[in-house]
Amino acid sequence: MTFRDALLPSAGGALIGLAASLLLLTNGRIAGVSGYVGALFLPSVPHRLERLAFVLGFFLAGLTLLLIEPSVLPTGSSTPLWAFAVAGLLVGYGSRLGNGCTSGHGVCGISRFSPRSIVATLTFMGTAALTVFVVRHVLGATP
Amino acid sequence: MKSLFASLFSGLLFGVGLAIAGMTSPEKVLGFLDFAGSWDASLAFVMAAAIAVHLPLSALIRRRSSPLFDTRFHVPSSRTIDRPLVLGSALFGVGWGLAGVCPGPALVDLATGATPIVVFVGAMVVGMLIQHATVGQSESQHSITIVPQGPNAPVSQDISLADH
């Protein structure tokens, strides 16, 4: 892997870290996407508009990129549609059960040395890698 | 109002960061998770860089008595490793490994209107609703506290939907 390969991921990661820090400084909250999305669908939740604004920000980022640099956004995937549906169910259910995802646990939680987040991150990294292994190398579903 | 804009801008910045990092490409994410295959290690730098930035900044920020636009911080204090945490994370990981999409990138990609992403987000919401509906029915009674609560442990925990 060259320096150039690591450059954009590092830059993007730094921006993510900055965004999370900004949210913490301004509103005092953990930048956990699954938590923000999940809260939108609870019957009574405070600061619902604030949560919607955060979620909307991501969508707006997508719209902006669509306009100025669409090549960054994916055009296709070899994964079948039913797999996206199953994946979505698992991601939605699992992130709420585990109270977090890659942003909340992986970035914010680890930055706080949270034992829960460290365990969560190791766990989902492990099962994610295992899943890819099974799909690609056991079941032979090549990309 | 200020807190609304702060949320919006943070989300926007986060989303742009995800896209620049390559996280919004499911194929790239799967390539990173494919350790046994042609491994694309570059995404390791995403989380590493994010933590490298957020770790020191969050430590500094939390020294304040309160955030800028709120009266107090809403940071989880639980340190208990319990079954919902492990099971939930495990399931989340399987889902992530199936399609290479997690919540943040899904929201960014939603702007493209691509059918797989719309399906994913719809299913994700359904999955969340199912979890909300079943909460309390399978709460684990067995938990292992790996870090003992010290004398400074908070009296009440913030059980808002912050990741903890």
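Quick notes
Residue-by-condition table, conditions (1) surrounded by fewer than 24 Cβ atoms within 10 Å (Cβ to Cβ); (2) in a loop (DSSP other than H, G, I, E, B):
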| site | (1), (2) |
| --- | --- |
| A:Leu8 | yes, no |
| A:Leu18 | yes, no |
| A:Leu23 | no, no |
| A:Pro46 | yes, yes |
| A:Phe59 | yes, no |
| A:Leu63 | yes, no |
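- All positions within region A:27-44 that are open to solvent by less than 10 Å² (accessible area, probe 1.4 Å), at the interface with chain B (Cβ under 7 Å from one of its Cβ atoms) and out of contact with any Asp or Glu (no Cβ under 8 Å at 6 or more places or on another chain): A:Ala31, A:Val33, A:Val37, A:Gly38, A:Ala39
- Tallying residues that are closer than 12 Å to B:Leu91 by Cβ and either modelled with pLDDT under 95 or not in a helix (DSSP H, G or I) (or both) within region A:85-143 yields 2.
- Whenever a residue of region B:18-46 is more than 7 Å from chain A (Cβ to nearest Cβ) and open to solvent by 40 Å² or more (accessible area, probe 1.4 Å), its partners that are outside any loop (DSSP other than H, G, I, E, B) and aromatic (Phe, Trp, Tyr), lying with C-beta atoms within less than 8 angstrom and at least six residues away or across chains, give the pairs B:Trp39/B:Phe32; B:Asp40/B:Phe32; B:Ala44/B:Phe32.
- The single condition among (1) surrounded by fewer than 19 Cβ atoms within 10 Å (Cβ to Cβ); (2) more than 18 Å from the chain's Cα centre (by Cα) that A:Val135 does not meet is (1).
- Within this structure, B:Gln157 fails the test of being open to solvent by 80 Å² or more (accessible area, probe 1.4 Å), over 23 Å from B:Leu18 (Cβ atoms) and modelled with pLDDT of 50 or more.
- Residues in region A:99-113 that are facing chain B (nearest Cβ under 7 Å), under 14 Å from B:Ser77 (Cβ atoms) and open to solvent by 10 Å² or more (accessible area, probe 1.4 Å): A:Asn99, A:Arg112.
- Across region A:75-97, the number of residues qualifying as within 7 Å of chain B (Cβ to nearest Cβ) and surrounded by fewer than 24 Cβ atoms within 10 Å (Cβ to Cβ) comes to 7.
- Contacts under 7 angstrom Cβ, first residue in region A:61-81 being touching a residue at least 60 places away in the same chain (Cβ under 8 Å), partner of a type outside the set (A, V, I, L, M, F, W, C) and not in a helix (DSSP H, G or I), 6 or more apart: A:Ser78/A:Pro143
- Looking only at region B:60-83, and only at residues there that are farther than 26 Å from B:Met1 by Cα and of a type outside the set (S, T, N, Q), the one that is most open to solvent (accessible area, probe 1.4 Å): B:Arg83
The values are calculated or read from the model by the stated rules, or taken from the named source; none is laboratory data. None of the values given here were measured: they were computed from a predicted structure. With ideal geometry, Cβ positions are generated from the backbone for all residues, glycine too; neighbour counts draw on all protein chains shown. What goes into the accessible areas is simple: the full protein's heavy atoms, side chains included, and nothing from ligands, DNA or RNA. Shrake-Rupley method; radii C 1.70, N 1.55, O 1.52, S 1.80 Å.
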